[in-house]
1. Would you work out if the stretch 439-515 is rounded, prolate or oblate? Take a ≥ b ≥ c from the square roots of the eigenvalues of the alpha-carbon gyration tensor; rounded if a/c is under 1.5, else prolate when a/b is larger than b/c, oblate otherwise.
2. I need the shape label for the chain. Rule: rounded when a/c is under 1.5, else prolate if a/b > b/c, else oblate, with a, b, c from the alpha carbon gyration tensor.
3. May I ask for log10 I(q)/I(0) of the stretch 27-123 at q = 0.21 Å⁻¹, from a Debye sum over the Cα atoms as equal point scatterers with solvent left out?
4. May I have the convex hull volume per residue, in Å³, for the Cα set of the stretch 315-440?
5. Of the peptides 380-392, 352-364, how do they stack up when ordered by the mean number of other Cβ atoms within 10 Å, highest first?
6. Assuming R0 = 45 Å, can you tell me the calculated FRET efficiency for the pair I113 and D376, based on Cβ-Cβ distance, to the nearest 0.05?
7. Just from the alpha-carbon atoms, what are the Rg and Dmax of the stretch 33-192 in angstroms?
8. For the chain, with only Lys/Arg (+1) and Asp/Glu (-1) charged at the beta-carbon, what is the dipole magnitude about the Cα centre, in debye rounded to 20?
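The values are calculated or read from the model by the stated rules, or taken from the named source; none is laboratory data. Worth saying up front: this structure is predicted, and the values here are computed from it rather than measured. Cβ atoms come from the backbone with ideal geometry, glycine included; neighbour counts cover every protein chain shown. Just the protein is used for accessible areas: all its heavy atoms, side chains included, with ligands, DNA and RNA removed. Shrake-Rupley method; radii C 1.70, N 1.55, O 1.52, S 1.80 Å.
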Amino acid sequence: MFRVLVSDPISRDGLEPLLEAENIEIVQKNVAEEENLAQYDALFVRSATKVTEQLMNQMPNLKIIARAGVGVDNIDVDQATRKGIIVINAPDGNTISTAEHTFAMIASLVRHIPQANMSVKNREWKRSSFVGSELHGKMLGIVGLGRIGTELARRAKAFGMRVAVFDPFLTKERSEKIGVEKHDFEELLNQADIITVHTPLTKETKGLLNKETIGKTKKGVYLVNCARGGIIDEDALCTYLENGHVRGVALDVFEVEPPEHTRLLEFEQVIATPHLGASTKEAQLNVAYQVSKEVLLFIQGKQVTTSINLPAMSDEAYKKVAPYDTLAQKIGSFLSQYMNQPVQSITIEYEGTAAEIETAYVTKSMIASFLKQRMDININTVNAGVLARERGIQFIEKVSDQNSGYSNSMKVTIHGEQTTSEIKGTSIPHFGERIVSVNGFSIDFHPSGHLLYIQHTDVPGVIGNVGRILGNHSVNIATMQVGRKEKGGEAIMMLSFDRPLDQPILSALTELDEIVFVKAIEL
Ligand SMILES: NC(=O)c1ccc[n+]([C@@H]2O[C@H](COP(=O)([O-])OP(=O)(O)OC[C@H]3O[C@@H](n4cnc5c(N)ncnc54)[C@H](O)[C@@H]3O)[C@@H](O)[C@H]2O)c1
Ligand SMILES: O=C(O)CC[C@@H](O)C(=O)O
């Protein structure tokens with residue numbers, strides 16, 4: 001049974017993909033009211049539930065956190081990553097609703113609609129107090145031209161506005177295609193009549209509009225924040241509202257929500273909504289449906305596509321990656337068992353067609369498989385990189401479209417404290433994965449099951465002696481391959497069996513004079 005806790009109000013209709021599937025239990029209850037948090041595999045939230053490290057510690061079985069919305073600033077993504085918990089969001093389900101809400105706020109702001117509404121309801125008729133401005137011909141400055149910024153730009157243009165944009169990641173081609181003017185931040189501040197922010201809240205965007213930058217705006221500017229509280233500094237807003245430099249402000253989001261203590265709400269020129277950007281039936285259905293489908297993919301062992309802390313990959317891309325993923329996991333596990341010593345660095349080299357896949361994913365998968373042999377915690381592609389770095393293990397990825405004899409190959413080299421080892425493998429369509437070289441010895445075997453690696457001197461009788469000892473212990477050899485670098489030098493044997501070998505057999509083999517090293521490997 002896969003258990004899902006839905007902590008914030010999320011559209012039940014949107015949960016349909018999970019409700020219709022078998023062996024999934026969905027509980028809609030706030031985390032604060034649930035006594036047995038440890039039983040859940042998935043947690044669904046909107047912006048209200050704060051997914052802290054402490055909460056994650058109370059949910060040791062948690063595998064996936066689904067944010068039914070865009071911003072993940074209420075989730076400690078770094079901690080989730082360390083714990084191997086996938087974080088997904090619904091990147092575009094609420095884009096239209098938020099763009100429409102922002103536009104409604106802009107229109108309300110310049111026509112004083114909320115203030116006029118209050119006045120009429122107070123039985124007043126003060127027409128001259130609420131003279132507004134047209135949007136037509138004015139310049140809207142959009143900071144952050146992502147999904148919402150782009151939809152907003154379209155709506156502003158339909159109203160005859162000029163649209164100026166600042167977004168450090170925006171290309172000239174894209175701005176021309178959308179029909180907006182690309183500016184640097186100072187130009188936008190100097191020229192725009194209305195400035196609206198649509199970036200995520202990050203270290204760079206926190207306080208982006210502050211005492212200094214608001215000071216560079218046109219006198220009488222209108223400011224809008226329907227993205228995240230804190231992108232516009234609230235103290236600075238109060239200062240510029242007080243001295244009349246800022247004519248009006250529209251806020252859907254606040255530094256602290258609900259905004260019980262902010263002075264901002266005392267200003268007549270400030271209009272506010274309680275974080276309603278995504279609050280439409282359509283958006284809530286979309287976001288819940290999007291994350292439910294993603295969680296279902298995860299339960300089915302398929303690739304999720306909207307993860308915050310995994311490389312994004314379509315199903316199509318994963319089909320190409322899957323054979324190399326299996327090969328990488330086998331090599332990682334083999335080397336970890338083989339090299340029983342601390343490790344300093346891991347290099348993974350992709351050649352030929354293997355270089356065309358999403359290599360970052362496969363590298364993490366290999367590292368996860370390597371670390372799993374050594375650590376008793378949940379390790380997967382989400383946290384493998386972080387955990388390796390924390391343990392001082394460097395990992396290096398090299399990609400080359402050249403091939404050295406195989407149409408695709410993957411070579412992993414591990415530098416340990418005492419020795420260095422390497423394994424090269426390839427994936428053969430319809431045949432599976434093969435290891436083609438171990439520590440420079442050419443060989444050819446399928447990396448699976450109960451294996452035995454033997455390093456020995458290349459003299460007559462070794463194979464017979466190994467066969468005799470195994471036979472004496474009633475061990476049946478399933479497959480056997482040998483490889484050597486030169487006649488009479490060192491050589492290796494790779495054997496596979498139907499059952500694991502126990503220690504007395506390994507000791508008996510080690511006692512043979514011509515045997516240098518014996519290692520049982522379970523894959
Ligand atoms: N009020 C609501 O209910 C509501 C609803 C949805 C989203 N949001 C907020 O809106 C934000 C934007 O959503 P989106 O879907 O458009 O995201 P998005 O990722 O599509 O767009 C964000 C844009 O910001 C730009 N950006 C990043 N750093 C920047 C910087 N320092 N200066 C200028 N631009 C920068 C990025 O290049 C990107 O184009 C979300 O992060 C979320 O916090 C709020
Ligand atoms: O869940 C909500 O209503 C808020 C959503 C919004 O802030 C988001 O980032 O998607």
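1. Values: a/c = 2.03, a/b = 1.24, b/c = 1.63.
The shape class here is oblate.
2. Numbers: a/c = 3.29, a/b = 2.52, b/c = 1.31.
It is prolate, given that a/c is not under 1.5 and a/b is the larger ratio.
3. Log10 of I(q)/I(0), two decimals: -0.99.
4. Numbers: hull volume 12.4 nm³, N = 126.
Looking at the stretch 315-440, the number lands at 99 Å³ per residue.
5. Details: 380-392: 18.1, 352-364: 20.3.
Ranked from most to least packed, the peptides come out as 352-364, 380-392.
6. Numbers: r = 61 Å, r/R0 = 1.35.
With R0 = 45 Å, the Cβ-Cβ based efficiency is 0.15.
7. When restricted to the Cα atoms of the stretch 33-192, Rg and Dmax are 21.5, 62 Å.
8. Working: 54 positive and 65 negative charges, 230 e Å.
The dipole of the chain has a size of about 1100 debye.
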